[in-house]
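Step one of this worksheet: look at the structure below.
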Amino acid sequence: MSKIIDITLDESTIVRWSADIEHERRVAIYDLLQDNSFKPLRLKTPSQGPYKLHLLIKDGRLEVHVSDEDGQILDVFTIAITPFRRIIREYFAICESYYQAIRSATPSKIEAIDMGRRGLHNDGSETLQSLLEDKVEVDFDTARRLFTLICVLHLKG
């Protein structure tokens with residue numbers, strides 16, 4: 001039961017989401033809830049899960065609230081956003097190119113852009129896993145989906 005059963009984002013800091021970003025957010029949350037591995041490593045009150053997460057950006061850091069099924073907060077931790085800034089900036093730039101390409105480019109050009117997009121996404125996921133290693137164990141697919149949600153939270157308009 002070391003898994004996430006619900007996840008919410010603090011939408012108060014987000015000015016707007018495009019339809020493409022909203023789609024990415026919905027897919028990431030859906031996929032995350034279908035299959036994930038999330039094992040907190042430093043809970044004061046032992047719990048085997050499942051867990052609910054609330055993610056927000058506060059003072060330039062990602063804040064993660066981990067709760068049990070009943071909403072009782074088990075842990076709150078933060079990680080620096082700074083290691084993600086370059087990756088997120090490049091990721092959004094290539095995503096914009098990708099969204100434009102799928103409307104009019106050749107399949108080979110779309111594939112090339114998508115390979116770059118996936119590579120940056122993998123870099124962000126690996127960075128996230130390393131920043132979480134003393135707080136929570138996550139598998140790579142869970143880290144990928146959480147990275148997508150960090151990108152969404154990072155949008156300020």
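Just to be sure before I move on: is residue 116 without any contact (Cβ under 8 Å) to a residue 24 or more places away in the chain and exposed (fewer than 13 other Cβ atoms within 10 Å of the Cβ) in the structure I sent?
Working: without any contact (Cβ under 8 Å) to a residue 24 or more places away in the chain: yes; exposed (fewer than 13 other Cβ atoms within 10 Å of the Cβ): no.
Judged against the criteria, residue 116 is not a match.
If a residue has to be in contact (Cβ under 8 Å) with a residue 60 or more places away in the chain and either within 15 Å of residue 7 (Cβ to Cβ) or among the acidic types (Asp, Glu) (or both) to count, how many in the range 35-56 make the cut? So that I can check it myself, show each step before the final result.
Start the filter on the range 35-56 by keeping residues that are in contact (Cβ under 8 Å) with a residue 60 or more places away in the chain, which leaves 35-42, 55-56.
With the extra rule that they be either within 15 Å of residue 7 (Cβ to Cβ) or among the acidic types (Asp, Glu) (or both), the set shrinks to 35-38, 40, 55-56.
So the answer is 7.
Quick one: in the range 119-136, of everything that is in contact with a Pro (Cβ under 8 Å, 6 or more places away or on another chain) and outside any helix (DSSP H, G or I), which residue is surrounded by the fewest Cβ atoms within 10 Å (Cβ to Cβ)?
Kept after step one, since they are in contact with a Pro (Cβ under 8 Å, 6 or more places away or on another chain), are these residues of the range 119-136: 127, 131, 135-136.
Filter once more, so that each one left must be outside any helix (DSSP H, G or I): 135-136.
Working: 135: 16, 136: 23.
Only one residue fits best here, namely 135.
Please verify whether residue 138 is modelled with pLDDT of 95 or more and over 14 Å from the mean Cα position of the chain (by Cα), treating the condition exactly as stated. Full working, then the answer.
Details: modelled with pLDDT of 95 or more: yes; over 14 Å from the mean Cα position of the chain (by Cα): no.
Considered against the rule, which asks whether it is modelled with pLDDT of 95 or more and over 14 Å from the mean Cα position of the chain (by Cα), residue 138 comes out as no.
Among residues belonging to the range 1-16 that are charged (D, E, K, R) and assigned to a loop (DSSP other than H, G, I, E, B), point out the one that is modelled with the highest pLDDT. Lay out the reasoning, then the answer.
Quick first cut of the range 1-16, residues charged (D, E, K, R) only: 3, 6, 10-11, 16.
Filter once more, so that each one left must be assigned to a loop (DSSP other than H, G, I, E, B): 3, 10, 16.
On the way: 3: 95, 10: 88, 16: 60.
Per the stated criteria, the residue is 3.
State yes or no: is residue 66 of a type in the set (Val, Ile, Thr) and in contact with a Pro (Cβ under 6 Å, 6 or more places away or on another chain)? Reasoning before the result, please.
Numbers: of a type in the set (Val, Ile, Thr): yes; in contact with a Pro (Cβ under 6 Å, 6 or more places away or on another chain): yes.
So residue 66 fits the description; yes.
Yes/no per residue for (1) out of contact with any helix residue (DSSP H, G or I) (no Cβ under 9 Å at 6 or more places or on another chain); (2) over 25 Å from residue 137 (Cβ atoms); (3) surrounded by 12 or more Cβ atoms within 10 Å (Cβ to Cβ):
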site: 1; (1), (2), (3): yes, no, no
site: 9; (1), (2), (3): no, no, yes
site: 42; (1), (2), (3): yes, no, no
site: 49; (1), (2), (3): yes, no, yes
site: 88; (1), (2), (3): no, no, yes
site: 97; (1), (2), (3): no, yes, yes
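When you scan the range 79-86, do you find a residue that is surrounded by 12 or more Cβ atoms within 10 Å (Cβ to Cβ), under 17 Å from residue 141 (Cα atoms) and in contact with a strand residue (DSSP E or B) (Cβ under 6 Å, 6 or more places away or on another chain), even just one?
Within the range 79-86, none of the residues are surrounded by 12 or more Cβ atoms within 10 Å (Cβ to Cβ), under 17 Å from residue 141 (Cα atoms) and in contact with a strand residue (DSSP E or B) (Cβ under 6 Å, 6 or more places away or on another chain).
To keep it simple, each residue is scored yes or no on (1) within 23 Å of residue 57 (Cα to Cα); (2) modelled with pLDDT of 95 or more; (3) among the polar types (S, T, N, Q).
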{"position": "97", "(1), (2), (3)": "no, no, yes"}
{"position": "103", "(1), (2), (3)": "no, no, no"}
{"position": "107", "(1), (2), (3)": "no, no, no"}
{"position": "110", "(1), (2), (3)": "no, no, no"}
{"position": "116", "(1), (2), (3)": "no, no, no"}
{"position": "128", "(1), (2), (3)": "yes, yes, no"}
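For the range 64-88: of the residues being charged (D, E, K, R) and at pLDDT 90 or above, which is farthest from residue 122 (Cα to Cα)?
Going through the range 64-88, the residues charged (D, E, K, R) turn out to be 68-70, 75, 85-86.
Those still in the list that are at pLDDT 90 or above too: 68-70, 75, 86.
On the way: 68: 29, 69: 30, 70: 33, 75: 27, 86: 14 Å.
Within the range 64-88, the match that is farthest from residue 122 (Cα to Cα) is 70.
The values are calculated or read from the model by the stated rules, or taken from the named source; none is laboratory data. The structure presented is a predicted model; accordingly, all values stated were derived computationally and were not measured. Glycine also receives a Cβ, built like all others from the backbone with ideal geometry; neighbour counts cover every protein chain displayed.
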